[in-house]
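Asker: Attaching a single structure in structure tokens format; questions to follow.
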Amino acid sequence: MRNTYVVMKRELLAYFSTPVAYVFLVIFLAAIGAFTFFLGGFFARGQADLQPFFMFHPWLYLFLIPAIGMRLWSEERKTGTIELLMTLPLSTFNAVAGKFLAAWVFTALALALTFPIWITVNYLGDPDNGVIAAGYIGSWLMAGAFLSLVACLSALTKNQVVAFVIGSAVSFIFLTSGLDIVLSAFRFWAPDFVVEVIASLSFLTNFQAVSRGVIDLREVIFFVSMILVTLFINTAIIDLKKSG
Amino acid sequence: MDVSGLLEVHNLTKKFGPLTAVDDVSFTVAQGEVVGFLGPNGAGKSTTMKMIAGFLTPTAGRVQVCGHDVVEKPIEIKTCIGYLPEGAPLYGDMTAKALLNFVAEIRGFRGAERRRRIDDVVAKVNLEEALFRPIETLSKGFKRRVGLAQAMLHDPELLVLDEPTDGLDPNQKHEVRELLRGMAADKAIIISTHILEEVDAVCTRAMIIARGKILFDGTPEELRAGAEGAESLDDVFRAITTGAVVDEGGVEKSA
Ligand SMILES: Nc1ncnc2c1ncn2[C@@H]1O[C@H](COP(=O)(O)OP(=O)(O)O)[C@@H](O)[C@H]1O
Ligand SMILES: [Mg+2]
């Protein structure tokens with residue numbers, strides 16, 4: 001537990017030791033602003049809520065989360081520091097969890113910096129702030145699920161660019177697996193329960209309910225278990241790689 | 001714990017696909033010994049050390065450190081070992097001080113104890129002037145010293161140092177050797193090197209490895225005596241690792 005915290009602290013500081021973190025935050029805020037106000041028709045809708053804002057989160061995460069997560073393990077492999085880290089007396093899971101949490105805290109910070117939008121909507125109208133809070137929590141949970149996937153994939157390669165591309169691709173699959181276009185491709189040949197399982201793994205389906213403000217325990221459980229399972233797979237990958 | 005065998009390696013083997021990098025190696029190292037791992041590039045020195053340090057899992061055989069099996073008790077053995085990986089990989093964006101703090105915290109040292117240990121080790125490796133600079137801006141010599149400092153921080157019973165003097169200038173090499181000599185009495189130390197004088201300078205025991213096998217295990221004096229007629233240690237080394245016959249005036253033909 002303590003070691004997880006020590007690793008997390010180091011990783012979080014590592015984000016801010018280069019300009020990358022600041023560049024990322026600026027891009028994230030600019031993109032989310034542009035989407036919300038122009039594409040989402042924030043003003044034109046004439047409604048005091050943040051639905052146009054949350055609607056774009058999954059699609060932004062498709063690229064921004066791999067950008068945050070790609071370095072987590074790839075960089076350690078590339079520079080060889082993984083040998084330093086993994087010969088210190090800490091368990092593999094502690095290291096995996098610490099790295100994940102650092103990146104997840106970083107996304108929390110990025111989300112927190114969107115507070116002017118929340119203030120704006122309160123200034124312009126009288127929104128249901130409970131719904132907005134639920135949206136933020138749901139968005140952060142979904143970001144965590146994406147992040148754990150990307151961290152896991154970055155453990156497979158030395159190359160951050162490869163980790164980014166594969167991370168985006170896999171995230172896309174998980175995001176859209178609930179859409180009819182995707183499911184119909186399976187309906188032809190796969191048994192019904194397989195189609196249902198695939199549909200239930202969709203981040204988009206799970207997030208949509210949340211972004212409308214109904215924070216259901218089911219979605220929370222979905223994202224949290226998604227994160228935990230992926231962290232265990234991540235641990236297994238690191239341990240397996242020891243066998244060379 | 002049985003001090004006579006701080007490190008016990010039994011029939012250790014590592015295969016990478018079809019390649020056998022370490023081939024059925026066995027040896028024991030006791031407290032007070034400084035073992036020099038010698039061998040040409042690709043001999044399997046680093047692979048052996050990685051298995052001892054618990055970074056690679058052996059394909060066959062086992063390693064015991066401070067009485068614990070490396071695979072079964074990974075955390076315990078990592079508490080007992082100080083390890084400098086080949087090339088001294090370090091987090092370049094951290095300062096030397098921050099890195100040592102990180103390692104100290106993972107090793108469970110806090111507060112005054114942590115400060116005392118870091119001050120101690122920093123003085124030992126002469127790192128004061130580089131302490132607050134990002135590691136990526138440090139010279140090779142300083143980087144190596146940071147690597148040594150993190151390996152020595154917890155005063156481990158077994159030190160495993162992969163090419164600790166590689167890339168250092170003669171003065172720096174001398175310093176590191178002095179440092180190792182000073183610590184030798186109450187530890188077991190293994191260093192890998194391909195510099196033969198290093199063995200003469202610091203080691204109580206030399207092991208020559210080539211193609212994953214131990215070809216020689218004895219004192220540096222025995223190593224010298226082992227090949228009569230050889231003019232220098234280099235000749236002995238070549239004779240052992242290439243299987244060439246040593247004749248008057250050096251290595252002449254293959255056996
Ligand atoms: N991760 C790896 N995958 C495949 N081959 C490896 C790996 N690590 C080392 N080797 C091979 O194992 C052999 C021994 O390498 P190494 O232990 O690094 O030698 P040394 O340290 O004595 O120079 C070399 O042929 C090397 O190419
Ligand atoms: Mg080597």
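Asker: From B:Ile190, B:Ile195, B:Ile209, which residue is assigned by TED's automatic domain parsing to the domain that holds B:Val29, over 20 Å from A:Leu84 (Cβ atoms), open to solvent by less than 10 Å² (accessible area, probe 1.4 Å) and of a type in the set (Val, Ile, Thr)? So that I can check it myself, show each step before the final result.
Answerer: Values: B:Ile190 fails: over 20 Å from A:Leu84 (Cβ atoms); B:Ile195 fails: open to solvent by less than 10 Å² (accessible area, probe 1.4 Å).
Unique residue meeting the criteria: B:Ile209.
Asker: Tell me yes or no: at least one residue of region B:33-46 is crowded, with 16+ Cβ neighbours inside 10 Å and more than 16 Å from ligand 1 (Cβ to nearest atom).
Answerer: Yes, region B:33-46 contains a residue that is crowded, with 16+ Cβ neighbours inside 10 Å and more than 16 Å from ligand 1 (Cβ to nearest atom).
Asker: Only residues that are open to solvent by 10 Å² or more (accessible area, probe 1.4 Å) and more than 21 Å from the chain's Cα centre (by Cα): list them for region B:124-137, please. First the steps, then the outcome.
Answerer: Filtering region B:124-137 down to residues open to solvent by 10 Å² or more (accessible area, probe 1.4 Å) leaves B:124, B:126, B:128-129, B:131-134, B:136-137.
B:Glu128, B:Glu129, B:Leu131, B:Phe132, B:Arg133, B:Pro134, B:Glu136, B:Thr137, listed by residue number.
Asker: Separate question: Quick test for you: out of B:Ala88, B:Ala98, B:Ala53, pick the one residue that is out of contact with any strand residue (DSSP E or B) (no Cβ under 7 Å at 6 or more places or on another chain) and within 16 Å of ligand 2 (Cβ to nearest atom).
Answerer: Values: B:Ala98 fails: within 16 Å of ligand 2 (Cβ to nearest atom); B:Ala53 fails: out of contact with any strand residue (DSSP E or B) (no Cβ under 7 Å at 6 or more places or on another chain).
Every option except B:Ala88 fails the conditions.
Asker: How many residues does region B:96-114 hold that are in contact (Cβ under 8 Å) with a residue 24 or more places away in the chain and under 24 Å from the mean Cα position of the chain (by Cα)?
Answerer: So the first thing to find is which residues in region B:96-114 are in contact (Cβ under 8 Å) with a residue 24 or more places away in the chain, and the list is B:96-97, B:99-100, B:103-104, B:107, B:109.
With the extra rule that they be under 24 Å from the mean Cα position of the chain (by Cα), the set shrinks to B:96-97, B:99-100, B:103-104, B:107.
Number of matching residues: 7.
Asker: How many of the residues in region B:73-107 are in a loop (DSSP other than H, G, I, E, B), out of contact with any Ser or Thr (no Cβ under 9 Å at 6 or more places or on another chain) and facing another protein chain (nearest Cβ under 8 Å)? Talk me through it step by step, then tell me what you get.
Answerer: To start, the set of residues in region B:73-107 that are in a loop (DSSP other than H, G, I, E, B) comprises B:73, B:85-94, B:107.
Narrowing the set further to residues that are out of contact with any Ser or Thr (no Cβ under 9 Å at 6 or more places or on another chain) leaves B:73, B:87-88.
Still in the list and also facing another protein chain (nearest Cβ under 8 Å): B:87.
Here the count works out to 1.
Asker: Within the set of pairs 6 or more residues apart or between chains, which connect a residue that is under 22 Å from A:Ala169 (Cα atoms) and more than 9 Å from chain B (Cβ to nearest Cβ) inside region A:69-92 to a residue that is among the charged types (D, E, K, R) and surrounded by 23 or more Cβ atoms within 10 Å (Cβ to Cβ) with Cβ atoms less than 8 Å apart?
Answerer: Going by the 8 Å Cβ cut-off, the qualifying pairs are A:Leu72/A:Lys99; A:Trp73/A:Lys99.
Asker: Would you check if B:Phe55 is crowded, with 22+ Cβ neighbours inside 10 Å and either within 14 Å of chain A (Cβ to nearest Cβ) or near ligand 1 (Cβ under 9 Å from one of its atoms) (or both)? So that I can check it myself, show each step before the final result.
Answerer: Working: crowded, with 22+ Cβ neighbours inside 10 Å: yes; either within 14 Å of chain A (Cβ to nearest Cβ) or near ligand 1 (Cβ under 9 Å from one of its atoms) (or both): yes.
Yes: the conditions hold for B:Phe55.
Residue by residue, here is whether (1) open to solvent by less than 10 Å² (accessible area, probe 1.4 Å); (2) at pLDDT 95 or above; (3) not hydrophobic (A, V, I, L, M, F, W, C) holds:
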residue	(1), (2), (3)
A:Gly80	no, yes, yes
A:Pro89	no, yes, yes
A:Ala95	yes, yes, no
A:Phe100	yes, yes, no
A:Thr114	yes, no, yes
A:Ile117	no, no, no
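Asker: Something else: Within region A:51-140, considering only helices (runs of 4 or more DSSP H) that don't extend past its boundaries, which have at least 2 residues that are more than 30 Å from B:Tyr83 (Cα to Cα)?
Answerer: Details: elements: A:51-55, A:57-69, A:71-79, A:81-85, A:92-112, A:115-124.
Once the helices (runs of 4 or more DSSP H) in region A:51-140 are filtered for at least 2 residues that are more than 30 Å from B:Tyr83 (Cα to Cα), what remains is A:51-55, A:57-69, A:92-112, A:115-124.
Asker: Among (1) free of Cβ contacts under 8 Å to residues at least 12 places away in the same chain; (2) open to solvent by less than 10 Å² (accessible area, probe 1.4 Å), there is one condition A:Met142 misses while meeting the rest; what is its number?
Answerer: Status for A:Met142: all satisfied but (1).
Asker: Inside region B:95-126, can you point out the residues that are in contact with a Phe, Trp or Tyr (Cβ under 7 Å, 6 or more places away or on another chain) and under 17 Å from B:Ala151 (Cβ atoms)? Don't jump to the end; show me each part of the working.
Answerer: At the first step, the residues of region B:95-126 found to be in contact with a Phe, Trp or Tyr (Cβ under 7 Å, 6 or more places away or on another chain) are B:95, B:97, B:99, B:117.
Those that are in contact with a Phe, Trp or Tyr (Cβ under 7 Å, 6 or more places away or on another chain) and under 17 Å from B:Ala151 (Cβ atoms): B:Lys97, B:Leu99, B:Arg117.
Asker: Residue by residue through region A:149-208, note down the ones that are hydroxyl-bearing (Ser, Thr, Tyr) and over 19 Å from the mean Cα position of the chain (by Cα). I'd like the intermediate steps shown before the answer.
Answerer: Here is the first cut: in region A:149-208, the residues hydroxyl-bearing (Ser, Thr, Tyr) are A:154, A:157, A:168, A:171, A:176-177, A:184, A:200, A:202, A:205.
Matches in region A:149-208: A:Thr157, A:Ser184.
Asker: Applying the selection to region B:149-174, what residues are open to solvent by less than 10 Å² (accessible area, probe 1.4 Å) and away from ligand 1 (no atom under 16 Å from the Cβ)?
Answerer: Just the residues of region B:149-174 that are open to solvent by less than 10 Å² (accessible area, probe 1.4 Å), to begin with: B:149-151, B:153, B:156, B:158-162, B:164-165.
Result: B:Ala149, B:Gln150, B:Ala151, B:Leu153, B:Pro156, B:Leu158, B:Leu159.
Asker: Can you name every residue in region B:58-69 that is open to solvent by less than 40 Å² (accessible area, probe 1.4 Å) and either at pLDDT 95 or above or within 8 Å of chain A (Cβ to nearest Cβ) (or both)?
Answerer: Just the residues of region B:58-69 that are open to solvent by less than 40 Å² (accessible area, probe 1.4 Å), to begin with: B:58, B:63, B:65-66, B:69.
Across region B:58-69, the qualifying residues are B:Pro58, B:Val63, B:Val65, B:Asp69.
Asker: Among the residues of region B:203-237, write down those that are among the hydrophobic types (A, V, I, L, M, F, W, C) and either within 16 Å of ligand 1 (Cβ to nearest atom) or at pLDDT 90 or above (or both).
Answerer: B:Cys203, B:Ala206, B:Met207, B:Ile208, B:Ile209, B:Ala210, B:Ile214, B:Leu215, B:Phe216, B:Phe237
Asker: Identify the residue in region B:1-48 that is on the phi > 0 side of the Ramachandran plot and within 14 Å of chain A (Cβ to nearest Cβ) and, among all such residues, is farthest from ligand 2 (Cβ to nearest atom).
Answerer: Filtering first and then ranking leaves B:Gly17.
Asker: Tell me, yes or no, whether region A:24-44 has at least one residue that is under 17 Å from A:Phe106 (Cα atoms), within 14 Å of chain B (Cβ to nearest Cβ) and open to solvent by less than 20 Å² (accessible area, probe 1.4 Å).
Answerer: Among the residues of region A:24-44, not one is under 17 Å from A:Phe106 (Cα atoms), within 14 Å of chain B (Cβ to nearest Cβ) and open to solvent by less than 20 Å² (accessible area, probe 1.4 Å), which makes the answer no.
Asker: Can you name the number of the only condition in (1) more than 27 Å from B:Lys213 (Cβ to Cβ); (2) in contact with a Gly (Cβ under 9 Å, 6 or more places away or on another chain); (3) open to solvent by less than 10 Å² (accessible area, probe 1.4 Å) that B:Ala104 fails?
Answerer: Against the list (1) more than 27 Å from B:Lys213 (Cβ to Cβ); (2) in contact with a Gly (Cβ under 9 Å, 6 or more places away or on another chain); (3) open to solvent by less than 10 Å² (accessible area, probe 1.4 Å), B:Ala104 comes up short only on (2).
The values are calculated or read from the model by the stated rules, or taken from the named source; none is laboratory data. The structure presented is a predicted model; accordingly, all values stated were derived computationally and were not measured. Don't worry about glycine lacking a Cβ; one is built from the backbone with ideal geometry, like all the others, and counts go over all protein chains shown. Areas reflect the complete protein model, heavy atoms only, side chains present, ligands, DNA and RNA absent. Shrake-Rupley method; radii C 1.70, N 1.55, O 1.52, S 1.80 Å.
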